[in-house]
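Just below is one structure, and these are the notes that go with it.
The values are calculated or read from the model by the stated rules, or taken from the named source; none is laboratory data. Just so you know, these numbers come straight off a predicted model, no measurement behind them. All Cβ positions, glycine included, derive from the backbone under ideal geometry; neighbour counts span all protein chains shown.
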């Protein structure tokens, strides 16, 4: 039965955590990016952090974000990333529709990923950060 289910491949969508210069009180910000040449509809993003700190399990609150539409070749700010969660896995689960077909993908930033030595220039944002596609 599983072989009969068509699971579309997610392409051209990414999550970036970037060094933020726009907001004084925010150092890092998470963004969703649509690199595709088509719009995404009913975009739902759930985020959470989890892992170990000081030899104990830690789990952050979960956040949900909804965008009715994410235009082609565009970005949307999602949430600030505080220093307290940088030592955790930061997970973003993205679900959206293209031509009435649901797509979903999990993006996980490992604790060691969000480091300045891993930053690249993300052209659609014109900012430095870490990108997962």
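Observations
- Yes/no for residue 49 being part of a strand (DSSP E or B) and touching a helix residue (DSSP H, G or I) at 6+ places or on another chain (Cβ under 8 Å): yes
- Just so you know, in region 8-35 the residues that are touching a strand residue (DSSP E or B) at 6+ places or on another chain (Cβ under 9 Å) and modelled with pLDDT under 85 include one that is surrounded by the most Cβ atoms within 10 Å (Cβ to Cβ), and it is 20.
- Every pair of residues 6+ apart whose Cβ atoms lie under 6 Å, when the first sits in region 29-43 and is part of a loop (DSSP other than H, G, I, E, B) while the second is surrounded by fewer than 21 Cβ atoms within 10 Å (Cβ to Cβ): 35/12; 36/12; 36/72; 37/72; 38/72; 39/69; 39/71; 39/72
- Residues satisfying the stated conditions in region 52-63, i.e. surrounded by fewer than 16 Cβ atoms within 10 Å (Cβ to Cβ) and either in contact (Cβ under 8 Å) with a residue 40 or more places away in the chain or not in a strand (DSSP E or B) (or both): 54, 55, 61, 62
- Check on residue 98, farther than 30 Å from residue 7 by Cα, in contact with a strand residue (DSSP E or B) (Cβ under 9 Å, 6 or more places away or on another chain) and touching a residue at least 12 places away in the same chain (Cβ under 8 Å): no
- Evaluating residue 86 against the criteria (1) touching a strand residue (DSSP E or B) at 6+ places or on another chain (Cβ under 6 Å); (2) surrounded by 15 or more Cβ atoms within 10 Å (Cβ to Cβ) leaves one unmet condition, (1).
- Within the set 68, 84, the sole residue that is over 16 Å from the mean Cα position of the chain (by Cα) and free of Cβ contacts under 8 Å to residues at least 12 places away in the same chain turns out to be 84.
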